[in-house]
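S.K.: Here you go, one structure.
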Amino acid sequence: MTSPALSLRGIEKSFGVFKALGPVDLDLMQGERLGIIGPNGAGKTTLINCITGVLRPDQGSVQFMGKDISNVPPFERARMGISRSFQIPRPFIGMSVLENLLVPLDYKPAVHNKEARALQLLESVNLHQRAYDPSGDLSQLELRKLELARALASDPKVLIADEAMAGLSDTEIDEVLDILMRLNASGVAIIMIEHIMHAVMRFSQRVVCFDTGLLIAAGTADEIANNTTVQKVYFGE
Ligand code: ADP
């Protein structure tokens with residue numbers, strides 16, 4: 001039995017009088033692959049923002065590797081090992097691919113050879129061939145890879161992949177899934193938030209479904225695909 005990397009207890013968040021989230025209890029085990037699904041407005045982004053510290057929950061606590069981080073600011077959570085890759089990558093266009101990674105690595109005083117580390121990160125996402133090209137030349141798939149490499153620069157224990165595959169072709173999705181599986185095999189727990197159902201179902205050891213701010217179902221991909229409450233949320237049936 002592994003212990004949780006993340007432990008959320010009683011998380012609630014409202015915007016004005018509108019309750020966007022909760023109460024939510026959720027654990028992410030160390031090294032786990034967890035999928036989060038749910039229709040637009042279900043509260044997925046709000047939940048992620050409570051994990052990364054961008055939002056402060058009104059109620060509840062967030063623990064990371066056994067430590068209460070409820071009062072820890074976002075940059076510190078990132079440094080502790082919670083990393084998020086964004087859906088829409090925004091590279092520093094005037095810089096090369098490699099230089100884009102030197103920026104986050106600047107915050108890692110323990111990394112002595114930053115260029116070697118940047119190349120290693122690029123290799124982990126199959127982007128090393130493009131290291132010295134301008135980041136403005138990258139394709140959509142390559143941009144996603146650069147975004148993943150950037151999220152990995154902090155050596156995360158938890159990686160939150162937020163719609164990392166939106167807009168990609170099936171072969172490209174397969175490649176991103178392979179990369180994420182490899183990262184996971186190296187010990188990184190991954191939360192995948194994804195609308196591409198076959199991808200999140202294939203990837204995740206456990207899937208949780210949100211609707212109207214609440215966790216309405218949890219189980220294996222098969223269990224979730226056959227769950228009548230989940231089907232109702234997606235198909236109104
Ligand atoms: P999801 O990521 O599942 O699409 P969100 O977490 O973005 O859902 O949103 C949950 C609900 O909270 C939505 O109804 C959304 O309109 C509302 N919401 C999210 N952020 C804010 C905000 N900053 N101010 C007001 N309402 C918000």
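S.K.: Which one of Ala185, Ala166 is in contact (Cβ under 8 Å) with a residue 60 or more places away in the chain, hydrophobic (A, V, I, L, M, F, W, C), surrounded by fewer than 18 Cβ atoms within 10 Å (Cβ to Cβ) and out of contact with any Leu (no Cβ under 9 Å at 6 or more places or on another chain)? Can you show your working first?
M.R.: On the way: Ala185 fails: in contact (Cβ under 8 Å) with a residue 60 or more places away in the chain.
Checking each option against the conditions leaves just Ala166.
S.K.: If you don't mind, another one. Can you tell me which residue is nearest to His128 (Cα to Cα) among those in the stretch 77-111 that are assigned to a helix (DSSP H, G or I) and among the β-branched types (Val, Ile, Thr)?
M.R.: So in the stretch 77-111, the residues assigned to a helix (DSSP H, G or I) come out as 77-80, 97-105.
Still in the running and among the β-branched types (Val, Ile, Thr): 97, 103.
Details: Val97: 9, Val103: 17 Å.
Per the criteria, the residue is Val97.
S.K.: Shifting gears a bit: Pull up the stretch 46-71, narrow it to residues that are touching a Pro at 6+ places or on another chain (Cβ under 6 Å) and in contact (Cβ under 8 Å) with a residue 40 or more places away in the chain, then point me to the one that is farthest from the ligand (Cβ to nearest atom). Walk me through it before giving the result.
M.R.: So in the stretch 46-71, the residues touching a Pro at 6+ places or on another chain (Cβ under 6 Å) come out as 50, 52-54.
Cutting the leftovers down to in contact (Cβ under 8 Å) with a residue 40 or more places away in the chain gives us 50, 52.
Working: Cys50: 10, Thr52: 13 Å.
Among those that are touching a Pro at 6+ places or on another chain (Cβ under 6 Å) and in contact (Cβ under 8 Å) with a residue 40 or more places away in the chain, it is Thr52.
S.K.: Another question about this same structure. When only residues in the stretch 201-217 that are closer than 14 Å to Ala42 by Cβ and aliphatic (A, V, I, L, M) count, which is surrounded by the most Cβ atoms within 10 Å (Cβ to Cβ)?
M.R.: Step one: of the stretch 201-217, the residues closer than 14 Å to Ala42 by Cβ are 207-217.
Imposing the further condition that a residue be aliphatic (A, V, I, L, M) reduces the set to 207-208, 214-217.
On the way: Val207: 26, Val208: 22, Leu214: 15, Leu215: 21, Ile216: 17, Ala217: 19.
For the stretch 201-217, the residue satisfying everything is Val207.
S.K.: Mind telling me which of the residues Ala189, Ala185, Ala164 ends up being farther than 24 Å from Asn227 by Cα and within 15 Å of the ligand (Cβ to nearest atom)? Reasoning before the result, please.
M.R.: Details: Ala189 fails: within 15 Å of the ligand (Cβ to nearest atom); Ala185 fails: within 15 Å of the ligand (Cβ to nearest atom).
When all the criteria are applied, what remains is Ala164.
S.K.: Looking at (1) surrounded by 17 or more Cβ atoms within 10 Å (Cβ to Cβ); (2) under 23 Å from Ala218 (Cβ atoms); (3) free of Cβ contacts under 8 Å to residues at least 60 places away in the same chain, which is the one condition that is false for Asn40?
M.R.: So Asn40 meets the others, but not (1).
S.K.: So, one more: Yes or no: the stretch 10-31 includes at least one residue that is surrounded by fewer than 22 Cβ atoms within 10 Å (Cβ to Cβ), of a type in the set (D, E, K, R) and farther than 18 Å from Ile224 by Cβ.
M.R.: The answer is yes, given that some residue of the stretch 10-31 is surrounded by fewer than 22 Cβ atoms within 10 Å (Cβ to Cβ), of a type in the set (D, E, K, R) and farther than 18 Å from Ile224 by Cβ.
S.K.: Please go through the stretch 55-76 and give me each residue that is on the phi < 0 side of the Ramachandran plot, assigned to a loop (DSSP other than H, G, I, E, B) and not basic (Lys, Arg), ordered by number. Break it down stepwise before answering.
M.R.: First, the residues of the stretch 55-76 that are on the phi < 0 side of the Ramachandran plot: 55-59, 61-64, 67-76.
Of the ones still in play, those that are also assigned to a loop (DSSP other than H, G, I, E, B) are 55-58, 69-73.
The answer is Leu55, Pro57, Asp58, Ile69, Ser70, Asn71, Val72, Pro73.
One line per residue, one yes/no per condition, for (1) within 16 Å of the ligand (Cβ to nearest atom); (2) more than 20 Å from Ser204 (Cβ to Cβ); (3) of a type in the set (S, T, N, Q):
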{"residue": "Pro23", "(1), (2), (3)": "yes, yes, no"}
{"residue": "Asp27", "(1), (2), (3)": "no, no, no"}
{"residue": "Ile36", "(1), (2), (3)": "yes, no, no"}
{"residue": "Lys44", "(1), (2), (3)": "yes, no, no"}
{"residue": "Arg79", "(1), (2), (3)": "no, yes, no"}
{"residue": "Arg84", "(1), (2), (3)": "yes, no, no"}
{"residue": "Gln87", "(1), (2), (3)": "yes, no, yes"}
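We did not get these values from a lab; they are worked out from the coordinates using the rules stated. All figures in this text were calculated on a predicted structure; none of them were measured in a lab. Note that each Cβ is placed from the backbone with ideal geometry, even for glycine, and that neighbours are counted across all protein chains shown.
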